[in-house]
Amino acid sequence: MLTCAACLLPANGELSNQMESYSFDIRASSKKIIYTADLAGARDLGKFADRADLLIVDGMHLDLATLPALAARKQIARVMLTHLPESFRLATVSVVSSRMASSTSIRLEKD
């Protein structure tokens, strides 16, 4: 069975680009997939992404230097980055990957 819940983020009401932005919590069987759109930062995830099997996150709206610690703290199994400029895609993923806990993998998707 597939279920999906949408959450308006950020919860604090501060929308830097003045647009509503939604994130989705998608569940199928025992798997949890979190898809985020624009975030003001990691604090917008709250407990939303805890123990996600996959976090699909817009790389331009999250401090990538803090991503490894965030993934470990929230026990996220895999992270997929989207929306990164071509100029620093591979270098960024390489640096972030090297800092990830061995239990978390990271992948870059071109959008």
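Taken together, the values in this text are just the output of simple stated rules run on the coordinates, not laboratory data. Since the structure is predicted, the reported quantities are computational estimates derived from the model, not experimental observations. FYI the Cβ positions are ideal-geometry reconstructions off the backbone, even for glycines, and counts take in every protein chain you see.
Here are the numbers for this structure:
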item	result
Distance in nm between pseudo-label sites at Asp50 and Ser30 (7 Å out along the Cβ direction from Cα)	1.9
Radius 10 Å from Cβ of Ile76, net charge of other residues (Lys, Arg +1; Asp, Glu -1)	+3
Mean shadow area of segment 32-86 over all directions, Cα convex hull, nm²	3.4
